[in-house]
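Here is the structure we will look at, set down as structure tokens.
Bear in mind that the values in this text are calculations on the coordinates, not laboratory data. Note that this is a predicted model, so its numbers are computed, not measured. Positions of Cβ are generated from backbone atoms using ideal geometry, with glycine treated the same way; all protein chains shown enter the neighbour counts.
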């Protein structure tokens, strides 16, 4: 009889403790497959990458951010928040000094050492890994759940889906698929190949990414670029002005390239394309205008 | 090692105590300064082990700064001792693990380890050690036989091996595209920031026996410096001593390289500086290099952390920027 009592009582007790624990702590699995236990209502958040800062602000939870990375410059409010180093060179001491109850990291950008050390110091780190637009929407959803902004996240995702639909509808009307070459940075010539965000954006915007191949970020020589004969040439860079003009003049020496002949070399703000955040749709819309200007002329 | 005269013993102890005092002062400075400001009172409370209301300060002082200061001390000690030993064996003031390519070899091993996704310990440590042993064997084969003891052959082969290693490092770096590139580049410039106390403990366990072995051989180093014939008449097996010293030093250097990357110049500046101040007896220079090298690295790391407004500069940059002018100044002065 006693044993039977025990069998009944023990699970009840365990359940009781679990629910007790869950009332202010919860366990979740992040996108890197790690199990993270974090507070129900995180109030001191450190974002370890600019795109995460943007996502958190888009979810209207910017006031919870106590620390962001050096290049978190959007929205303007983010500039005023305490900086904890750049996302590849985080300052552990600064992060710890903020006493955060949650850090949000990017899996392939933040050094794993830092994440491990933060964990060992008892600071929960949730890693996200948005690799595509779907992945980005999933990330926004998950971050929304973490910060108790689920409704806001759903509206945001719904709007993003609508914008993507609109673009797909528009691009379907295009008659051609221009060959696009995307140059990241200035020297060496690096492009974005298969399985990258940029490849997905180019395809959605109705272009053909001619850098698609085996490697994710292939390197090109000038000769190879010329032989690929791109119709549209897009350069993303953090540097603007003079540098771009020089670069454009450089490529301008080869009028055999269709993009040069038709004056379709463009410089775009890398922040719109390199950061998987809701702003990437602004980038996508801009890209459609650059690749298919004719679609917009018909409209007006 | 033989300590026959009590005079030498007394000198070793005096100089070591003096440098130990410097090391402790520098360590205190290293723990008390950083990117977050901590009041002196709070700091003292934390250092004296009093319970504080704010555990965050305790974490910063004990779990972030303290391991880092210890690591810097260990690494500085190892590198300057490595330089001292190489300069003695090769009887060449320019010798240093970095210049001879031992650091480069272990860096190649470590990069291969990082690229294949191994953990820092034991994975990357082992590949780094394998790399340094490989370069060491390459060096010994290139200058095999009698010419091992001819200082110029070994140094020249070392310079070439180092050039070859740098080329391979550059090759590996240029073939890397993804996020690991940042890791490798920061690590190559010398980075002390990412070690917790356990890793520092492991490193200390690997290094301390090496320090003791080298101290035991310090008298042999004195004799080797007097020349081959002299050493042979004194009953020293030059080949064996050289081999032991080279292997122990390479082991030490590769252990630090895999934790902190390439830090040049320490092995050149500190032994020369100490030799100018304390004379050329290795029984004194070995402990002095350990304590002095440690202090120097802690100071450099402190500068690397405190000087820039945002973030930090790699400590390897500071060691060279402070070390090179200091070295030139000392050289000029000693000539006069």
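Three principal axis extents describe the C-alpha atoms of the stretch A:44-106; from largest down they are 27, 21, 21 Å.
Helical runs assigned H by DSSP (4 residues or longer) give the protein assembly as shown a calculated mean residue ellipticity at 222 nm of -19000 deg cm²/dmol, each run adding -39500 (n - 2.57) before division by the residue total.
If you plug the beta carbon distance of residue A:208 and residue A:166 into 1/(1 + (r/R0)^6) with R0 = 22 Å, you get a FRET efficiency near 0.55.
Its alpha carbons give the stretch B:233-294 an Rg and a Dmax of 13.7, 42 Å. The simple spin-label model puts a point 7 Å past each Cα toward its Cβ; for residue B:160 and residue A:148 those points are separated by 7.1 nm. Percent antiparallel among DSSP beta bridges with both residues in the protein assembly as shown, to the nearest 5? The answer is about 30 percent antiparallel. When a/c is below 1.5 the answer is rounded, else prolate if a/b is larger than b/c, else oblate, so apply that to chain B with a ≥ b ≥ c taken from the square roots of the Cα gyration tensor eigenvalues. It comes out oblate by the Cα gyration axes.
Averaged over the residues of peptide A:85-91, the number of Cβ atoms from other protein chains lying within 10 Å of each residue's Cβ is 5.
Taking every DSSP beta bridge that has both residues in chain A, what percent is antiparallel when rounded to the nearest 5?
Of those bridges, close to 30 percent are antiparallel.
Stretching the chain fully between residue A:159 and residue A:229 yields a gain of 21.6 nm (0.36 nm per residue, less the alpha carbon separation). Each peptide in A:267-277, B:319-329 gets a packing score, the mean of other Cβ atoms within 10 Å over its residues, and the list from highest to lowest is A:267-277, B:319-329. Here the ratio of the Cα radius of gyration of the stretch B:121-265 to 2.2 N^0.38 Å is 1.21.
Does the protein assembly as shown come out rounded, prolate or oblate by the C-alpha gyration tensor, with a ≥ b ≥ c the root eigenvalues, rounded set by a/c under 1.5 and, if not, prolate when a/b is larger than b/c and oblate if not? Don't skip to the end; give the middle numbers.
Details: a/c = 2.46, a/b = 1.50, b/c = 1.64.
Here the protein assembly as shown falls in the oblate category.
Highest-first packing order for the peptide set B:247-256, B:130-139 is B:247-256, B:130-139, based on the mean count of other beta carbon atoms within 10 Å. Simple spin-label estimate for residue A:44 and residue B:233 gives 7.2 nm between the two label positions (7 Å along the Cα-to-Cβ direction from each Cα). For chain A, relative contact order (Cα pairs under 8 Å, six or more residues apart, normalised by length) works out to 14 percent.
On C-alpha positions alone, give me the angle between the axis of helix A:133-146 and the longest principal axis of chain A, in degrees, nearest 10. For A:133-146 against chain A, the angle is about 30 degrees. Which residue, B:87, B:309, B:63, has the most motion in a Gaussian network model of chain B that connects Cα atoms within less than 10 Å? Top of the fluctuation ranking is B:309.
Here the spin labels are modelled as points 7 Å beyond Cα on the Cα-Cβ line, and at residue A:261 and residue A:174 they lie 2.0 nm apart.
Round to the nearest 10 and give me the degree value, 0 to 90, for the angle of helix A:280-291's Cα axis relative to the longest principal axis of chain A. So the helix axis and the longest Cα principal axis differ by about 10 degrees.
Starting with the fewest neighbours, write out B:170, B:56 ranked by other beta-carbon atoms found within 10 Å of each beta-carbon. List each step's numbers first, then the result.
On the way: B:170 11, B:56 17.
Lowest to highest Cβ neighbour count: B:170, B:56.
Between residue B:137 and residue B:173, full extension at 0.36 nm per residue minus the direct alpha carbon distance yields a gain of 10.5 nm. Each Cα pair under 8 Å and six or more residues apart adds its separation to the average, and for chain B the resulting relative contact order is 30 percent. Computed across chain A, the Kirkwood hydrodynamic radius from all distinct Cα-Cα pairs reaches 21.5 Å. Packing order of peptides A:59-68, A:96-105, B:103-112, highest average first: B:103-112, A:96-105, A:59-68 (average count of other Cβ atoms within 10 Å over each peptide's residues). If both residues of a DSSP beta bridge must be in the stretch A:164-285, then about 20% of such bridges are antiparallel.
For the residues of A:92-101, the average number of beta carbons from a partner chain within 10 Å of their own beta carbon is 6.
In chain A, the longest principal axis of the Cα atoms and the axis of helix A:150-171 are about 20 degrees apart.
If you take the square roots of the eigenvalues of the alpha-carbon gyration tensor of the stretch B:1-145 and sort them as a ≥ b ≥ c, do you get rounded (a/c under 1.5), prolate (a/b over b/c) or oblate? Could the numbers behind the result be given before it?
Details: a/c = 3.31, a/b = 1.37, b/c = 2.42.
Verdict is oblate for the stretch B:1-145.
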